[in-house]
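Read through the structure below, which is laid out as structure tokens, and then see the notes.
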Amino acid sequence: MSNTHGVLDYQRPAPDPRERVILIFSWLWVGIPAVWGVYHVVVDALKLFR
Amino acid sequence: MALFSFLSRDRTIATPTYNRWRIPTAALAIHLAIGQAYAFSVFNLPLHNQEGWKLSTIGWVFSTAIVFLGVSAALFGQWLERVGPRKAMFTAACCFSGGFLVGALGIRLHSFPLLLLGYGVLGGFGLGIGYISPVSTLIKWFPDRPGMATGMAIMGFGGGAMIASPLSVGLMNHFRTATSQGVALTFVALAILYFIFMMFGVFSVRLPRPGWKPVGWTPPAAPPRLVTTANVTVNEAMRTPQFWLLWWVLCLNVTAGIGVLGQASPMIQEMFFHGNRPAAAAGFVALLSLANMAGRFLWASFSDYIGRKATYTTFFILGMILYAFVPHTGRLQSVALFVLAFVIILSMYGGGFSTIPAYLKDLFGTMHVGAIHGRILTAWSAAGIFGPVLVNYIREYQIDHGVAKADAYSVTMYLMAALLFVGLICNWLVRAVHARHYFTGDVNAPGAPAGAATPVLATPEGQNV
């Protein structure tokens, strides 16, 4: 089975469940502080429209 | 030293199952931390109240940090390519956190020079090394979307202040006593928190294995005219007209943006609110920082589709129109149009920062792109001085000559539009780098310049995500 670029699917390594957990944790590690920071700025920015 | 062997470049090579979407998080862990620099002003008043230092004197701490950001990015780029991203990120974390600790000691000892040396010089080195450390790694992992990848990291630098500002205020409130504003202890707490936060990036970052490329992606057979598949060393790049044209492109784009960024709050107050709505003006500044951050990601991602040259052409032409239009919004008394114009302007200011690494990669290849990016950041330092001085001088000159405060911004806006026109010409003059500048050695040979060996072959491997 090949995709549109001619690369065989069996060449793709099987997804590693541990890697997926690390990936989710990684995005939470940077995402939670970022969302917290953005929340504060959005609250400030809304003062412009009051 | 064996203890630090995990930092070495060859210990950073990814396993076949490594997911490349972990790289942006490693980069963000560094950039969200060092972006704290933009929030340093939250310490100005507490330091003034506690130590009695003048606000203008305290302002030198931030200025020194930005100067050393440019200096260290220019000086350490080649070293970064040699030792790899992990050691560079670790060094950045040590310098940045160390800067806070030395700064805390300076406050404790009531020594301003020690604060300057700590946060300004040592911390500034951390900023510069940290800023460039993930750039070439991201480009190597995302050859299909280099603009989006670097845009994501550089967006983090814009967003760092959003985290640091409420965090610093909260910590100062926690540590405040009857005799102290709590700044020194806040510095210590920030040093620890940021070090831990950045260590996540240090341990997460990986270099792709030689020959790696995203599954399903094949380099275009005929790349666009400006995009090279060859490589240019950092020293050779500086001998090309393209480097200096891009230096001016970045400098002029940043000058125009930074010049009005500091004036945004007084401008909206004097043009529309007549000094009656300071909270709304603060909200306007917050909205601009959101636009700056979002623009870093959106414009750089967009550049993957329309090309870097077209992206900067858009910045300059749209910027000229908007800067020239801003004075009319005052005459129309339309706050909405004024805000909209500035949101777009600031998004392009951020986009200018985040699109430049991919532009450099297009012109000079990936081999030394981190080092070349470091050298070109001196344009930022120059713009950081030039922009505010220009805007403040013109404004004061006009007010001294009897121009009403609310009208004094018009000439500034027209001048910024003129600067963007010069930037447009510089960008228009950019052509593909001549083949005589290309690195002709074997990039896989042991003696090849650092950073050369990674992105060469084309065997599908790793996660296609």
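The values are calculated or read from the model by the stated rules, or taken from the named source; none is laboratory data. From a predicted model like this one, the values you see are computed outputs, not experimental measurements. Please note: Cβ atoms are built from the backbone with ideal geometry, for glycine as well, and neighbour counts cover all protein chains shown.
Kindly evaluate B:Ser303 against the criterion of being of a type in the set (S, T, N, Q), under 30 Å from B:Lys361 (Cα atoms), more than 10 Å from chain A (Cβ to nearest Cβ) and surrounded by 18 or more Cβ atoms within 10 Å (Cβ to Cβ).
Yes; evaluated as a whole, the condition is true for this residue.
Would you check if B:Ile129 is within 18 Å of A:Ala34 (Cβ to Cβ) and aliphatic (A, V, I, L, M)?
no
Mind listing whichever residues of region B:34-69 are within 16 Å of B:Gly99 (Cβ to Cβ), of a type in the set (Gly, Ala, Ser) and touching a Ser or Thr at 6+ places or on another chain (Cβ under 9 Å)?
B:Ala39
Please go through region B:201-241 and give me each residue that is touching a strand residue (DSSP E or B) at 6+ places or on another chain (Cβ under 9 Å), surrounded by 17 or more Cβ atoms within 10 Å (Cβ to Cβ) and in a loop (DSSP other than H, G, I, E, B), ordered by number.
B:Arg206, B:Pro208, listed by residue number.
Wholly within region B:58-156, which helices (runs of 4 or more DSSP H) include no fewer than the required count, namely at least 1 residues that are without any contact (Cβ under 8 Å) to a residue 12 or more places away in the chain?
Those helices (runs of 4 or more DSSP H) span B:112-115.
Going residue by residue through region B:363-385, is there one that turns out to be more than 22 Å from B:Trp248 (Cα to Cα) and either among the acidic types (Asp, Glu) or surrounded by fewer than 24 Cβ atoms within 10 Å (Cβ to Cβ) (or both)?
no
Scan (1) at pLDDT 90 or above; (2) among the hydrophobic types (A, V, I, L, M, F, W, C); (3) surrounded by 12 or more Cβ atoms within 10 Å (Cβ to Cβ) for the single condition A:Ala45 breaks and write down its number.
Tallying (1) at pLDDT 90 or above; (2) among the hydrophobic types (A, V, I, L, M, F, W, C); (3) surrounded by 12 or more Cβ atoms within 10 Å (Cβ to Cβ), A:Ala45 fails exactly one: (1).
Considering each of B:Tyr414, B:Tyr359 in turn, give the residue that is surrounded by 22 or more Cβ atoms within 10 Å (Cβ to Cβ) and either modelled with pLDDT of 85 or more or in a helix (DSSP H, G or I) (or both).
The unique qualifying residue is B:Tyr359.
In this structure, is B:Pro16 in contact with a Pro (Cβ under 8 Å, 6 or more places away or on another chain) and surrounded by fewer than 23 Cβ atoms within 10 Å (Cβ to Cβ)?
Answer is yes for this residue.
If you scan region B:12-26, which residues turn out to be part of a loop (DSSP other than H, G, I, E, B) and within 21 Å of B:Met152 (Cα to Cα)?
B:Ala14, B:Tyr18, B:Asn19 - these are the residues of region B:12-26 that are part of a loop (DSSP other than H, G, I, E, B) and within 21 Å of B:Met152 (Cα to Cα).
Is it true that B:Phe197 is at pLDDT 95 or above, buried (at least 17 other Cβ atoms within 10 Å of the Cβ), at the interface with another protein chain (Cβ under 10 Å from one of its Cβ atoms) and in contact with a helix residue (DSSP H, G or I) (Cβ under 8 Å, 6 or more places away or on another chain)?
When the stated conditions are applied, B:Phe197 passes them.
Before we move on, is B:Asn292 surrounded by fewer than 23 Cβ atoms within 10 Å (Cβ to Cβ) and either more than 10 Å from every other protein chain (Cβ to nearest Cβ) or more than 17 Å from the chain's Cα centre (by Cα) (or both)?
no
Condition (residue is assigned to a loop (DSSP other than H, G, I, E, B), over 30 Å from B:Asp362 (Cα atoms) and either without any contact (Cβ under 8 Å) to a residue 12 or more places away in the chain or in contact with a strand residue (DSSP E or B) (Cβ under 8 Å, 6 or more places away or on another chain) (or both)) applied to region B:277-285: is it met by at least one residue?
So far as region B:277-285 goes, yes, one or more of its residues are assigned to a loop (DSSP other than H, G, I, E, B), over 30 Å from B:Asp362 (Cα atoms) and either without any contact (Cβ under 8 Å) to a residue 12 or more places away in the chain or in contact with a strand residue (DSSP E or B) (Cβ under 8 Å, 6 or more places away or on another chain) (or both).
Looking at (1) in contact (Cβ under 8 Å) with a residue 60 or more places away in the chain; (2) within 19 Å of B:Ala104 (Cα to Cα); (3) not in a helix (DSSP H, G or I), can you tell me which one B:Thr179 breaks?
Of the numbered conditions (1) in contact (Cβ under 8 Å) with a residue 60 or more places away in the chain; (2) within 19 Å of B:Ala104 (Cα to Cα); (3) not in a helix (DSSP H, G or I), the odd one out for B:Thr179 is (1).
Out of all the residues in region B:334-345, is one or more surrounded by fewer than 23 Cβ atoms within 10 Å (Cβ to Cβ), without any contact (Cβ under 8 Å) to a residue 12 or more places away in the chain and not in a helix (DSSP H, G or I)?
The answer is yes, given that some residue of region B:334-345 is surrounded by fewer than 23 Cβ atoms within 10 Å (Cβ to Cβ), without any contact (Cβ under 8 Å) to a residue 12 or more places away in the chain and not in a helix (DSSP H, G or I).
What single numbered condition from (1) away from every other protein chain (no Cβ under 14 Å); (2) under 20 Å from the mean Cα position of the chain (by Cα) fails to hold for B:Ile30?
With respect to (1) away from every other protein chain (no Cβ under 14 Å); (2) under 20 Å from the mean Cα position of the chain (by Cα), B:Ile30 is out only on (1).
Exactly one condition in (1) more than 21 Å from B:Phe316 (Cα to Cα); (2) aromatic (Phe, Trp, Tyr); (3) more than 14 Å from chain A (Cβ to nearest Cβ) is false for B:Trp248; which is it?
Here B:Trp248 clears every test but (1).
Yes or no, residue by residue, for (1) surrounded by fewer than 23 Cβ atoms within 10 Å (Cβ to Cβ); (2) of a type in the set (D, E, K, R); (3) within 16 Å of the chain's Cα centre (by Cα):
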position	(1), (2), (3)
B:Arg86	no, yes, no
B:Phe96	no, no, yes
B:Gly103	no, no, no
B:Ile107	no, no, no
B:Val121	yes, no, no
B:Ile129	no, no, yes
B:Pro143	yes, no, no
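Looking only at residues in region B:1-27 that are among the aromatic types (Phe, Trp, Tyr) and within 10 Å of chain A (Cβ to nearest Cβ), which one is nearest to A:Pro33 (Cα to Cα)?
Among them, the one singled out is B:Trp21.
Looking at B:Trp53 and the list (1) away from chain A (no Cβ under 14 Å); (2) surrounded by 14 or more Cβ atoms within 10 Å (Cβ to Cβ); (3) assigned to a helix (DSSP H, G or I); (4) touching a Leu at 6+ places or on another chain (Cβ under 8 Å), which single condition is not satisfied?
Tallying (1) away from chain A (no Cβ under 14 Å); (2) surrounded by 14 or more Cβ atoms within 10 Å (Cβ to Cβ); (3) assigned to a helix (DSSP H, G or I); (4) touching a Leu at 6+ places or on another chain (Cβ under 8 Å), B:Trp53 fails exactly one: (3).
Among the residues of region A:25-39, how many are facing another protein chain (nearest Cβ under 7 Å) and closer than 14 Å to B:Met293 by Cα?
The qualifying residues number 3.
Testing B:Ile385 on (1) under 23 Å from the mean Cα position of the chain (by Cα); (2) in contact (Cβ under 8 Å) with a residue 12 or more places away in the chain; (3) outside any loop (DSSP other than H, G, I, E, B), one condition comes back false. Which one is that?
(2) is the only condition that B:Ile385 fails.
If you go through region B:170-189 one residue at a time, do you hit one that is on the phi > 0 side of the Ramachandran plot, over 25 Å from the mean Cα position of the chain (by Cα), modelled with pLDDT of 90 or more and away from every other protein chain (no Cβ under 14 Å)?
Yes - at least one qualifying residue is present in region B:170-189.
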